[in-house]
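Only one structure is covered here, and it is reproduced in the block below.
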Amino acid sequence: MSHKIVLIFPILFASAAIAYAKPNPSRVFSVEVATHAPSPTNRTVKLWYRVPKGYNHSVNREWRVLVYFGGRNCSGKKEASGRFGWGRWADKNGIFLVAPGFRDDAYWRPEQWSGKALFDGLAQIKQRYRICDRKLLYYGYSAGAQCSNLFAAWKPDRTRCWVSHACGVFHEPKTSMRNILGVVTCGDADAYRYILGRRFVERYKRMGAVIIWRSLPNIPHILTGRSVRLAQAALSYSDKLYADDLTRGSATLRLPEKPVCLFVGDDAETCFYPADSVEASHIPPEDAVDLPTKEIAEAWGFPGKTGTQ
């Protein structure tokens with residue numbers, strides 16, 4: 001199954017479109033790892049990675065990693081190069097992009113072979129650069145969304161935030177993931193994945209978890225600017241919230257903390273309100289989306305008018 005990934009921006013939202021930065025191939029490298037995958041295709045795989053602008057090996061700290069899973073059977077090179085605005089975001093935040101080139105063999109199931117391959121590759125990169133491989137960020141779309149979801153759940157103790165767009169396979173909700181911020185986005189015209197995503201989010205919400213859901217009206221199985229901006233806002237928030245992960249020599253890493261949400265979105269109306277407002281209290285529970293910060297709320301949707309009820 002191959003999916004064409006298109007980044008679209010409705011004319012109405014043109015002013016909010018992602019600013020592109022031309023990929024810089026001089027900062028993109030790869031490592032090769034041997035695996036125990038069942039087919040010869042994956043016996044050796046490449047993990048591509050991008051070194052953020054401003055990286056300084058002499059700085060006495062580690063640098064965050066975003067594991068970026070592209071569409072099904074992608075090589076990972078374009079993802080690591082910073083397509084769809086991820087290069088500019090990574091440079092701004094000082095984050096390494098790491099994109100595996102997995103193919104077939106149900107690679108979105110990390111417990112089978114691909115999880116070990118990812119961490120073996122990160123260990124190789126860590127021999128060259130001061131990356132933090134203990135607390136990761138994950139992002140993926142389509143088959144890559146399945147990876148970002150399942151890899152995070154496989155090793156929750158090594159996860160800070162995960163984002164899945166147009167995901168077709170989800171993990172079974174569990175309490176160990178409850179305080180790890182997750183984001184699920186999907187176009188409602190991508191009907192099968194939309195239904196799966198909505199059901200998954202509802203189950204997590206019943207556990208008391210903060211998980212951000214965003215419907216994308218009239219959008220099929222493609223990548224959109226809105227979904228990317230929301231992903232970047234949530235990942236930036238988690239990176240900064242746990243900035244002490246990156247202090248070299250930290251004896252203990254903090255346990256995940258349930259975010260305090262300052263805003264509530266109405267998924268049916270795509271607008272948000274202050275969490276303590278009357279309007280927020282009137283949003284139906286099935287449409288209410290907890291949003292931790294104003295930056296995330298603005299990436300999620302649009303401010304609603306308060307004082308109208």
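Between Arg134 and Asp157, with labels modelled 7 Å along Cα→Cβ, what's the label distance in nm to one decimal, could you check?
According to this spin-label approximation, the distance is 1.2 nm.
Along the Cα→Cβ direction, 7 angstrom out, place labels at Asp276 and Glu295. What is the inter-label distance in nm?
Distance between the two pseudo-spin positions: 2.3 nm.
What does the charge dipole of the stretch 108-193 about its Cα centre add up to, to the nearest 20 debye, if the Cβ of each Lys and Arg holds +1 and the Cβ of each Asp and Glu holds -1?
500
Take the Cβ-Cβ distance between Glu111 and Phe29 as r, set R0 to 30 Å, and report the resulting FRET efficiency rounded to the nearest 0.05.
Once the sixth-power term is evaluated, E becomes 0.60.
How long are the semi-axes of the ellipsoid equivalent to the chain, from square roots of 5 times the Cα gyration tensor eigenvalues, in whole Å, largest first?
30, 21, 19
Tell me, in nm to one decimal, what length is gained between Lys53 and Lys92 on full extension, where the rule is 0.36 nm per residue of separation less the Cα-Cα distance?
Additional length available on full extension: 13.2 nm.
On a full-extension model of 0.36 nm per residue, what is the gain between Lys126 and Glu269, subtracting their alpha-carbon distance, rounded to one decimal in nm?
47.0 nm
Counting other C-beta atoms within 10 Å, which of Thr175, Thr159 has the fewest, and how do the rest follow?
Arranged by neighbour count, lowest to highest, Thr175, Thr159 become Thr175, Thr159.
Looking only at the stretch 140-170, which residues have a backbone nitrogen under 16 Å from a spot 7 Å from the Cα of Thr41 in the C-beta direction?
Correct set: 143-144, 147.
Give, as a single signed number, the net charge of other residues whose beta carbon lies under 10 Å from the beta carbon of Pro284, with Lys and Arg counted +1 and Asp and Glu -1.
Summing Lys and Arg as +1 and Asp and Glu as -1 gives -4.
With only Lys, Arg, Asp and Glu charged, each at its Cβ (+1 for the first two, -1 for the last two), find how big the charge dipole of the chain is about the Cα centre; round to the nearest 20 debye.
In debye, rounded to 20, the chain gives about 1220.
Would you mind telling me the antiparallel percentage of the DSSP bridges in the chain, rounded to 5?
Percentage antiparallel, nearest 5: 40.
Below 15 angstrom from the Cβ of Tyr204, what's the summed charge of the other residues (Lys, Arg +1; Asp, Glu -1)?
+4
Could you pull out which residues in the stretch 163-189 have an amide N less than 13 Å from a spot 7 Å beyond the Cα of Asn218, following the Cα-Cβ vector?
188-189
Values quoted throughout were computed directly from the atomic coordinates according to the rules given, and no laboratory measurement underlies them. Bear in mind the structure is a predicted one, so any value in this text is a computation, not a measurement. Heads up, the Cβs are rebuilt from the backbone with ideal geometry, glycines too, and the neighbour counts pull from every protein chain shown.
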